[in-house]
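Visitor: If you scroll down you'll find the structure; I have some questions about it.
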Amino acid sequence: AAKGLPSHRPHQPLALVGGFAMSGTPPLREQEPAMSDRITLTSPGDVVAAVPALLGFRPEHSLVALWTAVPTGTLVCTLRLDLDTPTVKISRRLLDLAARVGPGRLLLVAYPQSLPAWIESTEEGNVLEAVDTVTDAGTPVADLLVVTGGRYYSQMCTDPDCCPVEGRPVPETT
């Protein structure tokens, strides 16, 4: 496990603003969107269900970073990397993003082939080291979710009522 991970961090709502899920670039619109353009995600399951719509495809063997503004929780941009990206490149991309979009929080979602293949793998180690690096640089990581086999797991939340060790089913989307 990463050195700075808390024993439990409450999940905070994330407000997604329709129309500008970006691939590592700041939003094109500066004005506040209409309330009808907002979708509020209140749980990790909501976030996991929304990622394919944000990217326009179902990620596989991927690390997805969702950058949210503080304190509103509004999604500023998304970034997708191959899961086997080396630690230094993951860290560099996340820190470059932080410098471009300003203060915020990261929510990371990993999509490995399977949970057994993820646990103690090079990919898991690379992502956890990158979490340490960006956290040490002052960018909070809200959670690291792992999605595989129709379930999602939190690597940062240890509250079994919130995030059971057996994971939770990925919610269906319409």
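Visitor: From the backbone phi of region 76-87, what are the Karplus-calculated ³J(HN,Hα) couplings (6.51 cos²θ - 1.76 cosθ + 1.60, θ = phi - 60°) in whole Hz, Gly and Pro given as x?
Guide: Working through the residues one at a time gives 9, 6, 10, 9, 10, 10, 5, 5, 8, 5, x, 3 Hz.
Visitor: Just order 53-64, 143-154, 83-94 by mean Cβ neighbour count inside 10 Å, highest at the front, would you?
Guide: So the peptides 53-64, 143-154, 83-94, ranked by packing, come out 143-154, 83-94, 53-64.
Visitor: Using a Förster distance of 22 Å, how high is the FRET efficiency between Thr42 and Leu115, based on the Cβ-Cβ distance and rounded to 0.05? Working shown, then result.
Guide: Numbers: r = 25 Å, r/R0 = 1.13.
Efficiency, from the Cβ-Cβ distance: 0.30.
Visitor: Please list the non-local residues whose amide H lies under 5 Å from the amide H of Thr158, H modeled 1.01 Å from N, same-chain partners needing a gap of 5 or more.
Guide: It is His8, Arg9, by chain and number.
Visitor: What does the convex hull of the alpha-carbon atoms of region 37-155 project to on average, in nm²?
Guide: Working: hull surface 27.8 nm².
Over every viewing direction, the Cα hull of region 37-155 projects on average to 6.9 nm².
Visitor: Related question: Stretched out fully, how many nm does the piece from Ala137 to Leu95 gain, at 0.36 nm a residue minus the Cα gap?
Guide: 14.3 nm
Read-outs throughout are calculated quantities, based only on the coordinates presented, and are distinct from any laboratory measurement. Owing to the predicted nature of the structure, the values given are computational and were not obtained by experimental measurement. Don't worry about glycine lacking a Cβ; one is built from the backbone with ideal geometry, like all the others, and counts go over all protein chains shown.
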